[in-house]
Every structure is written in C-alpha cells, then in structure tokens.
Amino acid sequence: MIEQELSGFLGLPDELTRFQSSRVVVVPVPFEATTSYGGGTKYGPDAIIEASHQVEFFDEQLACEPCNMGIFTEDPIDVSGGFDTVARLLRQKAVDLVKADKFALFLGGEHSITAPIVEGIFAQIPQLSVLHFDAHADLRDSYEGLTCSHASVMRRVFEMGVPFCSVGIRSFSKEEYDLINKHDLNIFYAHNIRSDCGWMDEVLNRLSDVVYITFDIDAVDISEVRATGTPEPGGLLWHEIITFLKKLAVSGKKVIAADLVELAPQDHDHTSSFYAARLAYKIVTYCTWQHHKVT
Ligand SMILES: [Mn+2]
C-alpha cells in the first residue's frame, strides 16, 4: 500500500497526484531502439522516478514547495510497437496534454522520442521554438541507416521548420558542421559558453515566446553526470543550467512542455539518476514559474 502511494514522480501524497488538479503531468517513455554506444536508456524513466523519491519537496532557492501545484505521473507509454507506433502515441499524448493545459514532462528513453512530441505540439502552436540542451548536434540526416535515430532528432525538428537553439554542443560531424554554417543555425558551442557568459541572454533573444525544452542529459559535464550512452567532456554545470532555467522562467516566455532524455542508469552510479531527478523537478518548477515566486 505504501509502495503504491510512492510510485509516481517525487512520491507525492494522493491529494497532489490527481490528474484534474495537477498542473504538471510526467510521462515515462522507456523507449530505446537506436542507441549506438552505451545502452540502457529504457531504464531511465524508472531510475529517475525512483531517485526522485529522495528529492526534497522544498525548493532551496524559491523557498516554497513547488509540488503543491500537483504532479500527476502517467503509466509509461507502450513502447512495444516500434518507432512509428510509439511516435504516433507520443504525438497524440503531447497534443492531448497541451489541450488540457498541462505542463508535460516526458522522461526518456532515447532522444528520438523528441521529434514526434515536437511535431504534435507544433501542429497546435505554430509559434513554437525548441530549446535543445545536448553535447551532440543531432543534425545527421540519418545514423546507422536510421532517420529516426537519436543522432538525427534535431535534423527532423529542423526539417519541420521549427526554430531552435542548441546549447552545450561539443560533438558533431563535418556533415553537421556544414549544415549549421549553411543555414546559420543557432548553435551555442560549449567552448564558447565557457568563455562568454552573455550566451544566456543571446539564447533567450533567439527563442520565440512559446518554447519546448528538450534536455539530453549528456549536455551536462561528465564530472556531474556519467550515466549516459555517449558521454562527452567539457559540458554544462549544475549552477549555470539552473541559472539559465531561472532566467528563462522570468523572461516572460511560456514553456509549454519538456523532455529529459538519455539517462542510462548504472548500478554503481546512483548520483546520475539522482541528478536527473533533481533536474527534472527544477525543470517543472521553473517552467511553471507563475505558480511560485521566482525572483
Ligand atoms: Mn546527446
């Protein structure tokens, strides 16, 4: 009985986990099909939710309990049917939650899940832009023969015509580099971020007023998170991520939904899962800032 009560994100009491009254809906997406290096992202949603039970409800910066806005955790998306079937389910889920005026946080799973979610929301909200945190540009036309690969997800978003900013990028191919320069894409390279703190305002300037966030956990530096399929040195750090999310919150832009993907939990490394859980709570907290006092 107690375990049942603790089964959702943060392990909240029943009165804070009713769909109707919840501002936030967490959607586990344990999908993994195209992972190219270290595997295990299908275990990401469970690991994040389990670790989230150790996260404090109280936000140390906002001095309140953001979870009081209600956080409903859905049953995991059925991923047994292959990418096209899962994509259809994700498109529909994203549309349903936007229409219900919920803030949706999709927990991956591999990064390929982002494309159908963005496609669904973009069809409802044409002024959408995407804020993309990642070590990788993910702009390959295909990878290992698959156009639905995790390494091609932003290429698909680009082809949809959705404007985007990519932040923390530090690993990409010549093909991707040429595409970036040809189309003058908004790529904020990790090495430039280290030397220029003006990047946060610049990213905000380039995003539209309605934003979807896709957060590949490998955007984070490997000194903080290692449990991911394709880790890269030289990444973002906790405090700059949180500072930026806070800036985004008070900028007046509306963040409509988000995903957090590519955690590949490892038995010996519970810090990465806990980091992801903490980050997930920070994302839903700052992206629903109207409910709290962000100063
Ligand atoms: Mn990546």
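Before moving on, here are some points about what is shown:
- At least 2 residues being small (Gly, Ala, Ser) is the threshold, and among the helices (runs of 4 or more DSSP H) wholly inside segment 81-182 those reaching it are 83-99, 114-124.
- Some residue of segment 95-116 being among the polar types (S, T, N, Q) and without any contact (Cβ under 8 Å) to a residue 24 or more places away in the chain: no
- Among the residues of segment 30-77, the one identified as part of a loop (DSSP other than H, G, I, E, B), buried (at least 16 other Cβ atoms within 10 Å of the Cβ) and among the aromatic types (Phe, Trp, Tyr) is Phe31.
- Of all the listed residues (Leu179, Leu128, Leu204, Leu185), the sole one being in contact with a helix residue (DSSP H, G or I) (Cβ under 6 Å, 6 or more places away or on another chain) and of a type outside the set (Phe, Trp, Tyr) is Leu128.
- Check on Glu74, free of Cβ contacts under 8 Å to residues at least 60 places away in the same chain, touching a Pro at 6+ places or on another chain (Cβ under 8 Å) and under 19 Å from Ile283 (Cα atoms): yes
- Number of the exception - Arg194 against (1) under 18 Å from the mean Cα position of the chain (by Cα); (2) away from the ligand (no atom under 16 Å from the Cβ): (1)
- Residue that is charged (D, E, K, R) and within 20 Å of Gly11 (Cβ to Cβ), where the choices are Glu32, Glu50, Glu110: Glu50
- Selected residue (criterion: farthest from the ligand (Cβ to nearest atom)) from residues of segment 206-229 that are surrounded by fewer than 22 Cβ atoms within 10 Å (Cβ to Cβ) and polar (S, T, N, Q): Ser208
- When we screen Asp184, Asp259 for residues that are charged (D, E, K, R) and either in contact (Cβ under 8 Å) with a residue 60 or more places away in the chain or in contact with a Phe, Trp or Tyr (Cβ under 6 Å, 6 or more places away or on another chain) (or both), the only hit is Asp259.
- Qualifying residue in segment 230-246 (condition: more than 22 Å from Phe122 (Cβ to Cβ), within 15 Å of the ligand (Cβ to nearest atom) and either assigned to a strand (DSSP E or B) or among the basic types (Lys, Arg) (or both)): yes
- Candidate set: segment 121-158, residues that are more than 17 Å from Phe172 (Cβ to Cβ) and without any contact (Cβ under 8 Å) to a residue 12 or more places away in the chain; chosen: the one nearest to the ligand (Cβ to nearest atom): Thr147
- Flag for Phe215 being in a strand (DSSP E or B) and among the aromatic types (Phe, Trp, Tyr): yes
- Ile169, sole failed condition from (1) modelled with pLDDT of 95 or more; (2) within 14 Å of the chain's Cα centre (by Cα); (3) within 12 Å of the ligand (Cβ to nearest atom): (2)
- Only one of the numbered conditions (1) in contact with a helix residue (DSSP H, G or I) (Cβ under 9 Å, 6 or more places away or on another chain); (2) more than 24 Å from Asp218 (Cα to Cα) is violated by Ala47, and that is (2).
The values are calculated or read from the model by the stated rules, or taken from the named source; none is laboratory data. Predicted, not measured: the structure shown is a model, and the values here were computed from it. Ideal geometry is used to build each Cβ from the backbone, glycine not excepted, and the neighbour counts take in all protein chains shown.
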